[in-house]
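Taken together, the values in this text are just the output of simple stated rules run on the coordinates, not laboratory data. All values derive from a computational prediction rather than experimental measurement. Here the Cβ positions follow ideal geometry from the backbone for every residue, glycine too, while neighbour counts run over all protein chains shown.
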Amino acid sequence: MTATRVFSAVAAVAALLAAVAPLLAFRALNAFSSGLVRVLDYRGLSNFLAFILLASQPPHFICQSHAYKTEVVSVDPLVIYFHDFLAPAEMSQLLDAAEPLFKESLLTGNNGQVRASRRRTSRTAKLLADDAAVECVLRRASDVMEGMLVYPRDDIQPPQLARYTAGQHFDVHADWFDTPQERRPDSTGVGSSWNRLASFFAILEDGCTGGETWFPHVQAPALPGDLPGPSGRSSVWREHEQGGLAFRPVKGGALFWMNLFANGTGDDRTRHAGLPVQSGLKTGMNIWPRVYYP
């Protein structure tokens, strides 16, 4: 057989394969589909659809190691400022999760009743505890509370975001309750009642003027050596003209303070206010560790 005939034969076979390839592919796909239907009949269509949905989701948020700086502002009452407490990726994820959830802020009274009030004019969004970014932040808050909470008796309340625009504020108030509150459906702690042992207030958006967090009864450290920085003056708080300290909103930073004395009563010195935002927007996040009682 000459080379020309060999080439012609090979070309003919190639043409035949090209012609039947779509048919073979269709039959193979049909056979695969039939087999897949049998699998779905056996294992359930819902499981397959759940798998497809899961595979189409963006990558799961992963907690990254994150360093922050601690500044002890007051020992009694205990007030701590954490520089860079939140990572940029966490703030972005938290804001995305909260955006469709913002509602008019309400006040919760000592009787557990909630109501609208001109004393609090922001908007709030309650986050889900099982959100990946929320889990990262709550784990960090739990590390701060190590030794102060007793697990599984105590827990940390699912956080909420608070957003303030021009003119909005929150008058002087306490985060703790005069009497412990009845156990809630979102509680994971063990006990019939609870109170807010401590508070975190972290800033996610600081594009504003005004909007300081003011503690009228917290005093500046007495000794210059107790103050951070070579000038002996903090970059995030100032002495307020009416007394106490005012903390300006700084993205990523967080305030922490203890609400209760050792006997469970509230510390009036931790009453605080969200001063009016003059322009722009401020978004903060409340995290409340809860202590439970039998």
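Of note:
- Once the chain from residue 278 to residue 76 is taken as fully extended at 0.36 nm per residue, the excess over their C-alpha distance is 69.6 nm.
- With 0.36 nm allotted per residue and the present C-alpha distance subtracted, the residue 99-residue 293 stretch has 66.4 nm of extension available.
- The trypsin sites (Lys or Arg not before Pro) of segment 89-147 that DSSP puts in a loop, and whose beta carbon has at most 12 other beta carbons within 10 Å, are 118.
- Backbone N within segment 169-187 under 17 Å of label point (7 Å from residue 107 Cα along the Cβ vector): 169-179
- Highest average packing first - 277-283, 60-66, Cβ atoms within 10 Å: 277-283, 60-66
- Projected label distance in nm at residue 165 and residue 209, using a 7 Å step from Cα toward the beta-carbon: 1.9
- Working from Cα pairs under 8 Å separated by at least six residues, relative contact order for segment 69-293 is 30 percent.
- Cα-based shape type of segment 69-293, given that a ≥ b ≥ c are square roots of the gyration tensor eigenvalues and the cut on a/c is 1.5: rounded
- The length gained on full extension between residue 262 and residue 151, counted as 0.36 nm times the residue separation minus their Cα-Cα distance, comes to 38.2 nm.
- Filtered chymotrypsin sites (Phe, Trp or Tyr not before Pro), segment 125-228: DSSP coil and at most 15 other beta carbons within 10 Å: none
- Centre separation in Å (Cα based) which lies between segment 272-288 and segment 193-212: 7
- Inter-site label distance for residue 250 and residue 183 at 7 Å from Cα along Cβ, in nm: 4.1
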